[in-house]
Amino acid sequence: MTIHSGRCATCAALVLSAGLAMAGAAQADTVLNVRMNADIRALDGFNRDSNSDTVTHHIFETLVAFTADLGIGPALAKDWTISGDGTVYTFHIRDGATFHDGSPVTSADVLWNWKWRTDPANEWVCASEFNGAKGLEVVSVEAPDDATVVFTLNAPNALFLMQLANIQCNAWIASPANVGEDGKWIAGSAIGSGSFMLEDWAKGQYVQLTAYDGYVPSGAPLSGLSGDRTAGVDHVRFQVIPDTAAAEAALYAGEIDILPGFEAARIDQATGRGIVVDSAPGLSWTPLLVQTLDPMMSNLTFRQALAHAIDWDQIVEVRTNGLASHNSSAVAEASVFFDEDFLEWPEYDPAKTAALLKDAGYNGEAVKIQTNTRYQGMYDNAVLVQAMLMAAGINAELETLDWAAQLDNYLAGKFQMQSFGYSARLDPSQMYGRLIGDKEASPSRQWQSDEAMALYVKSTQTADVEERRAIFKQLHKLMVQDLPIFGLYYEPVIDALGPKVENYTVWAADKTLLFGVGKAD
């Protein structure tokens, strides 16, 4: 591992000696091998995807984190208080917390991270969650002493702690030594305070982490990303295996220990070969994206025709083997806010499609559906949708790209339709907040609606479950009316484990969590 640090002159020597020690004890070390279907994009938290999030959240810590039951618990902060008016949050950093270069984590580091992350030059994807654009505004961040950080908000907000813990926001605290004098993240640097530290990143092959001996755990029990996150093995290797069949073969051969995102249709065969398969309802949403700025897709009548041409239930049955059901809302079945009203959606009706196509003035123009083969579900869904649209008289074409190209197109809004997947958002407001916005300012937003934005902001201003459920129902009715995106289902979390894996648990948030996970000899 290469450490770049301007604050610890002896870091290189420390890391070198640690590396030699690890090499000498390599035969005795325990390595947990975990499959990744694609390489991470970066280590800075900005250029991210789901795999990047999984890796970085083992290296770095947020102040607070989501618990197993989707609540909020301590992480880098051992505790916090909230002022009576709900606008001032005071966090206390965990005793003994240090970065991987041995330097203590202080409130000054938290303050530095906040200023650096919210610098407009860095184009943080979650900046709008904190700058007032969606109601929540962090007015100030102060460090009154080395262990205390104070955030002041413009108004009470039910989402503030959740947004600090938001896995996709990556508001974790990194050592300032990760950033050079030019203000840019140093390539390959990853100095955090988590129980794992970066050992090696062979791009396109693997990312290997090693347990950090200096980690001082929280006094709270391990729960999700919160609490005592002590490493249970010496090393974790995230092995890049793009091909699904090759990954499965590696699992059966004992070359990998954990295969996240296992195919539902393969469960029976796997269990028959001594593999343990664990599953749970998930929060990762699988939709079809619709670019409403596209001349053809901007026609609501045409979008209605598309919606009635798709047999939603058949797609879900094929893809999840009955482990999930059709859900086009941004409220998952696993959410405390869910009820049957969120299942309202245009029904499969080819006759309605034919009539609507005529009303829309459709003349056989091509509709291109972007997809990729890196994520099997995205590809299979695209194939099924294409067949259904073709059967309904719509000239649908597949545009199969590599995943990086498709993701770039998503971020730039360059598509007509995309088969896509959103990482788990642990509160419906977080999912709606990712969907709603100005497409010109943020091309990855899918729903441009002032009415939807007002409802979203309203949903963040109360903590009352029934009030928020009512607001989410209003949002869903508006989504049915506008059809800015076509949700398919929430991916069930299905992970396959080799026989030596110990203490592993799947999580509705669909994140591979390796804290405390062991491996038998």
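The values are calculated or read from the model by the stated rules, or taken from the named source; none is laboratory data. Predicted, not measured: the structure shown is a model, and the values here were computed from it. Every residue, glycine among them, receives a Cβ derived from its backbone with ideal geometry; neighbour counts consider all protein chains shown.
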| request: Out of the residues in region 457-477 that are of a type in the set (Lys, Arg) and within 14 Å of residue 330 (Cβ to Cβ), state the one that is farthest from the chain's Cα centre (by Cα). | output: 477
| query | Just one of 56, 90 is under 21 Å from residue 514 (Cα atoms), modelled with pLDDT of 95 or more and surrounded by 15 or more Cβ atoms within 10 Å (Cβ to Cβ); which is it? | reply | 56
| query | Among the residues of region 487-495, is any of a type outside the set (A, V, I, L, M, F, W, C), assigned to a helix (DSSP H, G or I), in the same structural domain as residue 337 (by TED's automatic domain parsing) and modelled with pLDDT of 95 or more? | reply | no
| request: Only one of these is modelled with pLDDT under 95, more than 27 Å from residue 252 (Cβ to Cβ) and of a type in the set (Gly, Ala, Ser): 26, 42, 68. Name it. | output: 68
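Every residue, every condition in (1) among the small types (Gly, Ala, Ser); (2) over 30 Å from residue 261 (Cα atoms), yes or no:
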{"residue": "341", "(1), (2)": "no, no"}
{"residue": "349", "(1), (2)": "no, yes"}
{"residue": "355", "(1), (2)": "yes, yes"}
{"residue": "360", "(1), (2)": "yes, yes"}
{"residue": "366", "(1), (2)": "yes, yes"}
{"residue": "371", "(1), (2)": "no, no"}
{"residue": "378", "(1), (2)": "no, no"}
{"residue": "381", "(1), (2)": "no, no"}
{"residue": "386", "(1), (2)": "no, no"}
| Does residue 137 satisfy the criteria of being touching a residue at least 12 places away in the same chain (Cβ under 8 Å), more than 24 Å from residue 513 (Cα to Cα), touching a Leu at 6+ places or on another chain (Cβ under 8 Å) and in the same structural domain as residue 52 (by TED's automatic domain parsing)? | yes
| message | Step by step: first the residues of region 140-152, then only those that are polar (S, T, N, Q) and touching a residue at least 40 places away in the same chain (Cβ under 8 Å), then the one that is surrounded by the fewest Cβ atoms within 10 Å (Cβ to Cβ). Which residue is that? | response | 152
| said: One residue is enough: does region 466-485 have a residue meeting the conditions in the same structural domain as residue 299 (by TED's automatic domain parsing), among the β-branched types (Val, Ile, Thr), under 28 Å from residue 383 (Cβ atoms) and buried (at least 17 other Cβ atoms within 10 Å of the Cβ)? | reply: yes
| query | Quick one: what pairs do we get from region 112-128, first residue within 15 Å of residue 441 (Cβ to Cβ), second among the polar types (S, T, N, Q) and in a loop (DSSP other than H, G, I, E, B), C-beta under 7 Å, 6+ apart or different chains? | reply | 124/118; 126/166; 127/118
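Residue-wise test of (1) assigned by TED's automatic domain parsing to the domain that holds residue 37; (2) in contact (Cβ under 8 Å) with a residue 12 or more places away in the chain; (3) more than 19 Å from the chain's Cα centre (by Cα).
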| position | (1), (2), (3) |
| --- | --- |
| 343 | no, yes, yes |
| 347 | no, yes, yes |
| 356 | no, yes, yes |
| 362 | no, yes, yes |
| 380 | no, yes, yes |
| 384 | no, yes, yes |
| 406 | no, yes, no |
| 416 | no, yes, yes |
| 441 | no, no, yes |
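Residue-by-condition table, conditions (1) part of a helix (DSSP H, G or I); (2) farther than 24 Å from residue 370 by Cα:
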residue: 405; (1), (2): yes, no
residue: 414; (1), (2): no, no
residue: 433; (1), (2): yes, no
residue: 438; (1), (2): no, no
residue: 442; (1), (2): no, no
residue: 453; (1), (2): yes, yes
residue: 472; (1), (2): yes, yes
| field | Residue match in region 372-380 (condition: under 30 Å from residue 467 (Cβ atoms), touching a Leu at 6+ places or on another chain (Cβ under 8 Å) and not small (Gly, Ala, Ser)) | value | no
| note | Reported set for region 362-398 where residues are surrounded by fewer than 22 Cβ atoms within 10 Å (Cβ to Cβ), polar (S, T, N, Q) and not in a loop (DSSP other than H, G, I, E, B) is 376, 386
| Any idea which of (1) modelled with pLDDT under 95; (2) within 30 Å of residue 372 (Cα to Cα) is the one residue 209 doesn't satisfy? | (1)
| message | So, residue 336, is that one part of a helix (DSSP H, G or I), of a type outside the set (Asp, Glu) and within 29 Å of residue 66 (Cβ to Cβ) or not? | response | no
| said: Just checking, does region 155-172 include any residue being touching a strand residue (DSSP E or B) at 6+ places or on another chain (Cβ under 7 Å) and either outside the structural domain of residue 70 (by TED's automatic domain parsing) or over 21 Å from residue 54 (Cα atoms) (or both)? | reply: yes
| task | Select, from 101, 119, 95, the only residue that is touching a Lys or Arg at 6+ places or on another chain (Cβ under 9 Å), surrounded by fewer than 17 Cβ atoms within 10 Å (Cβ to Cβ) and not aromatic (Phe, Trp, Tyr). | result | 95
| field | Residue that is small (Gly, Ala, Ser), out of contact with any Phe, Trp or Tyr (no Cβ under 9 Å at 6 or more places or on another chain) and within 27 Å of residue 264 (Cβ to Cβ), where the choices are 413, 377 | value | 377
